[in-house]
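Working notes, structure below.
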Amino acid sequence: GILLGSRLDVDLVQEEKKASVGKSSVLNRFTDDIFVNSYLTTIGVDFKTKTLNVENQTVKLQLWDTAGQERFGTLGNTFYRGAKIIILVYDLSNKSSWTKIDEWYSSAMKQTNNSSCEYLLLGNKSDLNNIQVDEDEVKKWCLEKGNMVNFKCSAKTGENVTEAFELLVSHVVNPE
Ligand code: GDP
């Protein structure tokens, strides 16, 4: 809102961010091993690179973050163009972020014409006490989809972040 004072604008951004699942935070943890407890993480389209050594191969990843446009609906197909890996993130302490995952998955499949992308499902914020998402339900959903690597992680503590990416990349490098 143009008419709002800047203080109120910041408060609104902060409120929105609390409801965010932590996509930028997970990427920052993975690429730079940092966690910034801030609402200023996603500004502009952003991509980061990270080089991994997996199964004796050097793999250079280009990781694209969303610019927050997911709040206004689906991401356009240009966002998915050329993607080999799609990472879906929900917040373990926010049930509705999990219930929306199926829609995001369908939308990603559609935008990539059901191409054979590898999918990584991340239940983020495992450091929190108020977990609202049922693990068995998640596992069942992943089995149904078939092409899903599933992890609970925390960008804050770093738990499972590197592990998840490494396992996923090893699937891409060395598909069975
Ligand atoms: P994005 O909009 O999905 O990219 O979400 P952000 O990365 O901006 O994170 C949204 C909010 O969740 C911020 O306040 C982060 O500090 C917080 N956050 C992100 N990851 C974690 C986590 O693993 N644990 C906790 N407790 N908070 C997190």
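The values are calculated or read from the model by the stated rules, or taken from the named source; none is laboratory data. Worth saying up front: this structure is predicted, and the values here are computed from it rather than measured. FYI the Cβ positions are ideal-geometry reconstructions off the backbone, even for glycines, and counts take in every protein chain you see. What goes into the accessible areas is simple: the full protein's heavy atoms, side chains included, and nothing from ligands, DNA or RNA. Shrake-Rupley method; radii C 1.70, N 1.55, O 1.52, S 1.80 Å.
Odds and ends about this structure:
- Whole-number D in µm²/s for the range 18-176 (Stokes-Einstein; Kirkwood sum over Cα pairs; 25 °C, 0.890 mPa s): 153 µm²/s
- Of the accessible area of the range 26-176, computed with a 1.4 Å probe over protein heavy atoms only, carbon and sulfur atoms account for 47 percent.
- Cβ-based charge dipole, the range 42-176, positive-most Cα from SER170, MET148, PHE79: PHE79
- For the set LYS60/LYS95; LYS23/LYS95; LYS60/LYS100, the pairs lying more than 28 angstrom apart at their alpha carbons are LYS60/LYS95; LYS60/LYS100.
- ILE34, ILE101, ranked by accessible area, largest first (probe 1.4 Å): ILE34, ILE101
- Rolling a 1.4 Å probe across all protein chains gives GLU55 an accessible area of roughly 100 Å².
- When the range 45-108 is reduced to its Cα atoms, the Kirkwood hydrodynamic radius in Å: 13.7 Å
- Counting every pair of alpha carbons in the range 62-156, the share spaced more than 22 Å apart comes to 28 percent.
- Protein heavy-atom accessible surface, 1.4 Å probe, per residue over the range 98-156: 56 Å².
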